[in-house]
Amino acid sequence: MGLITRVAIGFQIPDLIGAVFFFNAGHGFFSVNPQFALSLITLLALIFYFVGGSGYYSVGHTFAMNEKRLNQKKRSRE
């Protein structure tokens, strides 16, 4: 959705860091039970979205663009 993506990801990253470095580190990337690989890929995706944001097609971007349009209309009327 993208409303508060970075805040939500900020709460999830510490959990995934714990999963990758403390709980699943001994299993290896190519083990029979791929918990480490899944945790690592999810952590990398979370970091990507934390840095990059939710993007153009998010609800947050739509709200920001609508607010910008409303402000431009208010300025043009004055």
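For the reader, a short list of remarks on this structure follows.
- Across the chain the C-alpha pair distances fall into 10 Å bins from zero in the proportions 18, 31, 22, 15, 8, 5, 1 percent.
- Between Phe30 and Arg6, the contour length at 0.36 nm per residue exceeds the alpha carbon distance by 5.6 nm.
- The chain, accessible area per residue, ligands and nucleic acids excluded (1.4 Å, Å²): 81 Å²
The values are calculated or read from the model by the stated rules, or taken from the named source; none is laboratory data. This is a predicted model, so every value here is computed, not measured. Heavy atoms of the whole protein, side chains included, go into the accessibility calculation; ligands, DNA and RNA do not. Shrake-Rupley method; radii C 1.70, N 1.55, O 1.52, S 1.80 Å.
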